[in-house]
Amino acid sequence: MEGRIEGLAENGLGVLKDGRRKIHVPFTAPGDRVRVTKLRRRKKILIAEEFELIEGSWIRTEPRCPYFGICGGCLLQHIPYPEQLSFKRSVLGKALDMDVDVIPSPKIFGHRNRIDVVISTKGLGFRRYGTWWDVVDIESCPVFGESSGRVLRSLREFMADFNLPAYGIRENSGFLRYIVIREGKFTGELMVNLVTKEGSLPEEFPDYFPYATSIYWSVNRSESDVSYGDVERFWGAEFIRETLGDVTYLIHPNSFFQTNSYQAVNLLKTVASLAEGERVLDLYSGVGTFGVYLARRGFRVSGVEVNPSAVRMANLNSELNSVEAEFEVGEDRKVENLNGYDTVIVDPPRAGLHPRLIRRLLRDKPENLIYVSCNPMKLSMNLRELMETYRVEEAVGLDMFPHTPHVEVVVKLRG
């Protein structure tokens, strides 16, 4: 089948109509003319597995990354950045049924402060688009920056010198599984975390990364294909630091932290501008990213987070910045009392708010609710329930992830 791409679906894939069917074609742009020769079905979506670009659209631009089109990391590098923002405004508009401006990322390359690189028998890199078993071998990652190339060169040298087996994804065999690179964009501090199966790591490993601030060895003792594990040993600093505005955060290998430091500054400023009163409850508080920043601005902050390790980091970050913020371990569905808080902040995972928490919000009715979401569709579903008591006062989009279809949004609700 042959035809022109009519637009982009919410997943960032081009849409080709074939009668009543919609075929999603990766790495295409509106106006492209394509010929599709093979399809596959993923859930309810038809995706072009084999296709040819016959005529490129006027909208196309030259991708900076040499692996674009095969690597699954970026889907939109061929779309000019202003058009990416327009697409994301459209996604938010459809999901929330309102016009939402999207704040551009201050940088669109070198912006990521974390990448999880697969160490496989196919090479060192990221998953080939549309597969879980294949890897695109890379030399560096332009959305992370120059230090990615340096780390991967050091890792290849280490692997060659000690002939260590890389991970066979299909077979679940081998020793080396991932190398996770994290960088404080505003501090220049670098963390290297090697994730392996159980086994023996040569003592010389840290010698290959003398430029790193912090070097970790973590062990994944499960068969799950994840890029984290139990910390076996570390060399150098226990944490690296990142500074967002006037707040410094400590980062541990197993900590979640906003992956675009430059845009995270705008995210924090946005949330702070919407907070009101004196007392703030920071739910899903993580390492205290929002809570510590708000406490620095005079709010009295309490935080609740299910991950004990993250709570420890949040309290360390509070102490480091000498602010009045306390964080404790707790589950969203078990929050007992929302009375006494002027503003409640929720930043849930992609699954959204737990139904029990929604009922608690509707019962206790804290006056100001700030909802931070990376999943506009789930946000929309939660908002429909919350609108029983609340009204949307303001919504702001932020492009945390240039060259991907993902977009962050902050919604201010008032009871």
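The values are calculated or read from the model by the stated rules, or taken from the named source; none is laboratory data. Nothing here was measured: the structure is a model prediction, and the numbers come from that model. Heads up, the Cβs are rebuilt from the backbone with ideal geometry, glycines too, and the neighbour counts pull from every protein chain shown. Note: areas computed on protein heavy atoms with side chains; ligands, DNA, RNA excluded. Shrake-Rupley method; radii C 1.70, N 1.55, O 1.52, S 1.80 Å.
Odds and ends about this structure:
- Those residues of the stretch 111-145 which are touching a residue at least 60 places away in the same chain (Cβ under 8 Å) and open to solvent by 30 Å² or more (accessible area, probe 1.4 Å), in sequence order: R112, R114, D116, Y129, G130, W132, P142
- Restricting attention to the stretch 128-170 and to residues that are farther than 18 Å from T196 by Cα and in a strand (DSSP E or B), the residue that is farthest from the chain's Cα centre (by Cα) turns out to be D137.
- The single condition among (1) over 19 Å from the mean Cα position of the chain (by Cα); (2) crowded, with 19+ Cβ neighbours inside 10 Å that L267 does not satisfy is (1).
- In a residue-by-residue description of the stretch 175-198, the property of being farther than 23 Å from G123 by Cα and under 18 Å from the mean Cα position of the chain (by Cα) applies to at least one position.
- Matching residues, the stretch 68-86, being open to solvent by less than 40 Å² (accessible area, probe 1.4 Å), aliphatic (A, V, I, L, M) and part of a loop (DSSP other than H, G, I, E, B): L75, L76, I79
- The stretch 240-263: number of residues that are within 30 Å of N337 (Cβ to Cβ) and small (G, A, S): 1
- Residues of the stretch 191-239 classified as in contact with a strand residue (DSSP E or B) (Cβ under 7 Å, 6 or more places away or on another chain), in a loop (DSSP other than H, G, I, E, B) and within 22 Å of I169 (Cβ to Cβ), total: 8
- When the stretch 392-415 is filtered for residues that are touching a strand residue (DSSP E or B) at 6+ places or on another chain (Cβ under 8 Å), open to solvent by 10 Å² or more (accessible area, probe 1.4 Å) and modelled with pLDDT of 95 or more, the ones remaining, listed by number, are V392, E393, E394, A395, V396, F401, P405, R414.
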